[in-house]
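Worksheet for the structure shown next.
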């Protein structure tokens with residue numbers, strides 16, 4: 001009989017890739033339930049996974065209380081081998097109630113990345129204090145573990161990606177691809193950098209596809225920068241596109257863009273798309289954060305500063321050296337981060 005595993009994650013199923021992969025590779029060994037909020041987005045499914053949705057109606061207090069009550073109720077009526085919680089505020093009530101009965105595990109994927117210092121201080125203070133109630137916990141990187149001064153017995157459960165094989169045709173044209181959030185990422189820097197590159201290399205054939213969305217007025221800012229520089233024919237701005245529908249864009253692209261500001265709060269935050277670009281064989285232009293330095297090297301990409309001039313310089317380098325990158329060598333550079341390997345290690349340690 002399979003052991004029962006409960007994933008608790010406020011993100012709707014299908015919109016947090018790590019947990020989709022956990023479910024995919026763990027379901028042969030576990031009877032899995034995934035409890036999440038219902039954001040009224042398109043529903044994703046995974047064969048063999050029981051997905052429980054909790055309504056987000058009402059104010060922040062009411063919906064959070066409803067969510068915690070749902071978690072408590074499902075633990076009460078089921079005998080789970082482990083309850084695996086993706087950190088959310090208030091989650092410490094679960095181990096307070098059930099640590100003596102069940103294995104309650106906390107996973108932390110991020111500290112605060114707010115640009116407001118007071119927000120970062122408050123969020124990280126609460127996170128660290130709530131985490132102290134969990135006997136078992138994991139975190140996404142060693143850098144983040146050290147930042148929070150967690151004990152060395154805190155498991156490292158890193159980001160991963162699955163190899164992507166597409167029929168990418170050789171071309172002299174540069175096809176840049178950015179996928180991800182626009183919130184607080186200063187994407188207009190990359191567009192300004194593209195403009196500088198075009199001035200330096202007017203003969204270059206380049207196209208930049210940007211996929212994602214923002215929280216505030218980031219889309220307007222990006223569009224304004226595109227219009228200001230007259231790059232409407234070179235930059236294609238898309239909205240959110242589900243992962244399952246991205247293969248066409250990976251097939252067309254030949255350079256990935258992983259652009260996050262270089263700040264203390266992004267320094268130890270691994271970037272999902274860095275791994276995904278590399279797993280698809282794309283060399284990556286990545287900002288020079290601590291976590292990007294762990295995986296980007298001369299064989300698979302370029303590290304840059306977080307400004308338009310550095311982005312333009314990286315494009316010049318890519319333009320001059322675009323034929324030196326080998327797709328399979330780029331994939332092999334991150335082979336240790338394949339999801340199947342990560343989840344196997346997770347099963348042999350955290351879930352053992």
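Results, tabulated for the structure shown:
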quantity	calculated
Top-ranked residue in the range 94-108 [being surrounded by 14 or more Cβ atoms within 10 Å (Cβ to Cβ) and out of contact with any strand residue (DSSP E or B) (no Cβ under 7 Å at 6 or more places or on another chain); ranked as farthest from residue 63 (Cα to Cα)]	99
Residues that are farther than 10 Å from residue 283 by Cβ and either outside any helix (DSSP H, G or I) or not assigned by TED's automatic domain parsing to the domain that holds residue 284 (or both), drawn from the range 299-330	303, 304, 305, 306, 307, 323
Pair list, Cβ < 7 Å and 6+ apart or interchain, from the range 64-77 residues that are at positive phi to residues that are at pLDDT 95 or above and not in a helix (DSSP H, G or I)	none
Set 69, 62, 27: member being closer than 22 Å to residue 244 by Cβ, assigned by TED's automatic domain parsing to the domain that holds residue 110 and surrounded by fewer than 20 Cβ atoms within 10 Å (Cβ to Cβ)	27
Residue within the range 87-101 that is outside any helix (DSSP H, G or I) and within 14 Å of residue 33 (Cβ to Cβ) present	no
Residue that is surrounded by the most Cβ atoms within 10 Å (Cβ to Cβ), among those in the range 207-219 that are farther than 14 Å from residue 189 by Cα and more than 20 Å from the chain's Cα centre (by Cα)	207
Of the criteria (1) under 17 Å from the mean Cα position of the chain (by Cα); (2) without any contact (Cβ under 8 Å) to a residue 24 or more places away in the chain, which one residue 295 fails	(2)
Answer residue from the range 30-45, given it is in contact with a helix residue (DSSP H, G or I) (Cβ under 8 Å, 6 or more places away or on another chain) and surrounded by 17 or more Cβ atoms within 10 Å (Cβ to Cβ) and is farthest from residue 343 (Cα to Cα) among those	37
Members of the range 125-144 that are part of a helix (DSSP H, G or I) and buried (at least 16 other Cβ atoms within 10 Å of the Cβ)	127, 130, 131, 142, 143, 144
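Yes/no matrix, rows are residues, columns are (1) touching a strand residue (DSSP E or B) at 6+ places or on another chain (Cβ under 6 Å); (2) within 30 Å of residue 261 (Cβ to Cβ):
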site: 25; (1), (2): no, no
site: 30; (1), (2): yes, no
site: 34; (1), (2): yes, no
site: 48; (1), (2): no, no
site: 64; (1), (2): no, yes
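The values are calculated or read from the model by the stated rules, or taken from the named source; none is laboratory data. Quick caveat: nothing in here was measured; it's all calculated off a predicted structure. Ideal geometry is used to build each Cβ from the backbone, glycine not excepted, and the neighbour counts take in all protein chains shown.
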